[in-house]
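In what follows, a single structure is set out as structure tokens and then discussed.
The values are calculated or read from the model by the stated rules, or taken from the named source; none is laboratory data. Predicted model, so just to flag it, every value in this text is computed and none were measured. Positions of Cβ are generated from backbone atoms using ideal geometry, with glycine treated the same way; all protein chains shown enter the neighbour counts.
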Amino acid sequence: MENNNQTDNKSGRGPIFNHYRSLTEALAMAMTKCIVWRETEKGTPVSAKQLFDFCQKYDAEHPLREEEFYMVSREGAIGISPGLEWLTRWMFIPMEPCKERDFAFRKMQEDIREELQEEQKTEAAPDLAPKFCTHCGAKLALNSRFCTSCGKPIDTK
Ligand SMILES: [Zn+2]
């Protein structure tokens, strides 16, 4: 731990990579640089939210050996190293800008929104009967400002 993230004071340069003792810690840093990754082996897109769940489970099931560490690249790639940086096996790499990434990002936003709504639902249980769009009659999501069916703004009165 003590040797992690040290800066080379003589040259004044910062570390190229950061070292972490858990995947969750590595993710916390990577999240400041990236929002959607690709799992390197299969190329599957992974959002920050999915990755967070994965990392917590992974940390619990895979304790690091003394010489091992996780790394985060400048771009936000996350890898595991057996002890030397150049031997790092990258587990997740930042996803290139594309429609698939936009989709994964939107999906994540929706999931978070839904979770928040679920929380609100349990907090204020009474008087939350489903509401319906006054324009097209579609059932409305809780607290939505626009109808997902016809796109018209919702009359909140
Ligand atoms: Zn509508």
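Return a yes/no flag: does segment 134-155 have any residue that is in contact with a His (Cβ under 7 Å, 6 or more places away or on another chain), basic (Lys, Arg) and not assigned by TED's automatic domain parsing to the domain that holds Ser22. Walk me through how you get there before you give the answer.
Within segment 134-155, the first condition is being in contact with a His (Cβ under 7 Å, 6 or more places away or on another chain), and the residues that meet it are 147, 150, 152.
With the extra rule that they be basic (Lys, Arg), the set shrinks to 152.
Next, only the ones that are not assigned by TED's automatic domain parsing to the domain that holds Ser22 stay: 152.
Yes, segment 134-155 contains a residue that is in contact with a His (Cβ under 7 Å, 6 or more places away or on another chain), basic (Lys, Arg) and not assigned by TED's automatic domain parsing to the domain that holds Ser22.
The residue that is surrounded by the most Cβ atoms within 10 Å (Cβ to Cβ), among those in segment 122-139 that are in a loop (DSSP other than H, G, I, E, B) and either near the ligand (Cβ under 8 Å from one of its atoms) or modelled with pLDDT of 85 or more (or both), is Cys133.
Does segment 31-68 hold any residues that are part of a strand (DSSP E or B) and farther than 15 Å from Ile93 by Cα, and which are they? Give the steps one after another, and end with the answer.
Of the residues in segment 31-68, the ones part of a strand (DSSP E or B) are 36-39, 45-47.
The answer is none; no residue qualifies.
Residues are listed down the side, and each one gets a yes or a no for (1) of a type outside the set (Ser, Thr, Tyr); (2) closer than 19 Å to Met108 by Cβ:
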| residue | (1), (2) |
| --- | --- |
| Trp37 | yes, yes |
| Lys49 | yes, yes |
| Ala60 | yes, no |
| Pro63 | yes, no |
| Glu66 | yes, no |
| Tyr70 | no, no |
| Leu84 | yes, no |
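Close contacts from segment 134-157, counting a first residue that is farther than 18 Å from Arg113 by Cα and a second that is among the hydroxyl-bearing types (Ser, Thr, Tyr) and more than 7 Å from the ligand (Cβ to nearest atom), with Cβ to Cβ under 9 Å and a gap of 6+ residues or different chains, come to Ala138/Thr148; Lys152/Thr134; Asp155/Thr134. Annotation: Trp90 fulfils all but one of (1) modelled with pLDDT of 95 or more; (2) more than 29 Å from Met108 (Cα to Cα); (3) of a type in the set (A, V, I, L, M, F, W, C); the unmet one is (2).
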